[in-house]
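Each value in this text was obtained by applying a stated rule to the coordinates, not by laboratory testing. What you see is a predicted model; the values in this text were computed from it and never measured. When we count neighbours, we look across all protein chains shown, and the Cβ atoms used for this are built from the backbone with ideal geometry, even at glycine.
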Amino acid sequence: MRKVLLLTALLFMTPLAAFADGTAAAPAVVPPDKVVEQTAKDLFSAVNSKKDELAKNPQELYDVAGKILLPNFDFEYASRLVLGQYGRSATPEQRKAFQDAFYKYLVHSYADALLKGNYSERNVQVEAWQPGADASQARVRTKVLRDNAAPVEVDYVLSNKSGRWKAFDVTIEGISYVLNYRNQFGPEIQQSGLDELIKRLNSESEKSPAPVSQTQGGG
């Protein structure tokens, strides 16, 4: 269930190309809560409309997710936060390699979870965003509604860079995915080294999954 929620959370984060007024003036910044709300609707509509096709071709789902995530989720910053102290001693090449490997690992690990679930925009309640003291960061609070179970609280942490909100962390029931992966990867880096972690993440991403219809078990 946590994998499904994390994938769902990450895939919400796509600022809208709409809202521009069509004039030469720069468009107004889309508030982060509106970004989450409208993107959830657009994403679920796109995936649910071709669920059978995506179930037969996971790579197409990876491509869809990648096009949504890569421009709008700040993987460079998130990767630095995940590496923590180990990023400071890494070379620029290692940091970039980890960023790329971590991105692929997240998308490939959780991509089929969205297909296995029965999610739509009706599953998501987005609370109105209240600006805080730091105008460059925002926390958007949402609830993921589930049948016969309590809602799950999912928060998105975003930063405003160059007039565009980008997510860099997702917190599910108070657990930060950045801190979760930092705690997971830290001992592995300490024992085997950053290059070995990068190699493992790439190897995991390159495994060819069975079609969703033939895969047993949940996400």
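Of the peptides 41-47, 79-85, how do they stack up when ordered by the mean number of other Cβ atoms within 10 Å, highest first? Each step should come with its number before you reach the end.
Details: 41-47: 16.1, 79-85: 18.3.
Ranking, from highest mean packing down: 79-85, 41-47.
Here the simple spin-label model places points 7 Å from the Cα toward Cβ, and for L179 and N160 these points are separated by 2.6 nm.
The HN-Hα couplings worked out from phi for region 87-96 by the Karplus form 6.51 cos²θ - 1.76 cosθ + 1.60 (θ = phi - 60°) are x, 5, 9, 7, 6, x, 5, 5, 4, 5 Hz, whole numbers, x standing for Gly and Pro.
Tell me the net charge near A90. Cut-off is 15 Å between Cβ atoms, A90 excluded, with +1 for each Lys or Arg and -1 for each Asp or Glu.
0
With charges set only on the Cβ (+1 for Lys and Arg, -1 for Asp and Glu), what does the dipole of region 132-201 come to about its Cα centre, in debye to the nearest 20? Please list the in-between numbers first.
On the way: 10 positive and 9 negative charges, 59 e Å.
Computed charge dipole of region 132-201: roughly 280 debye.
Take the Cα of N202, step 7 Å toward its Cβ, do the same at K50, and the gap between the two points is 2.9 nm. The residues neighbouring D33, those whose beta-carbon lies less than 12 Å from its own, together hold a net charge of 0 under the Lys/Arg +1, Asp/Glu -1 convention. If we count every other residue with Cβ under 15 angstrom of S162's Cβ, Lys/Arg +1 and Asp/Glu -1, where does the sum land? Residues close to S162 contribute a combined charge of +1.
Does anything in region 144-184 have its amide N under 12 Å from the 7 Å Cα→Cβ label point of Q125, and if so which residues? What the label zone holds, given the 12 Å backbone N cut-off, is 144-146, 150-154.
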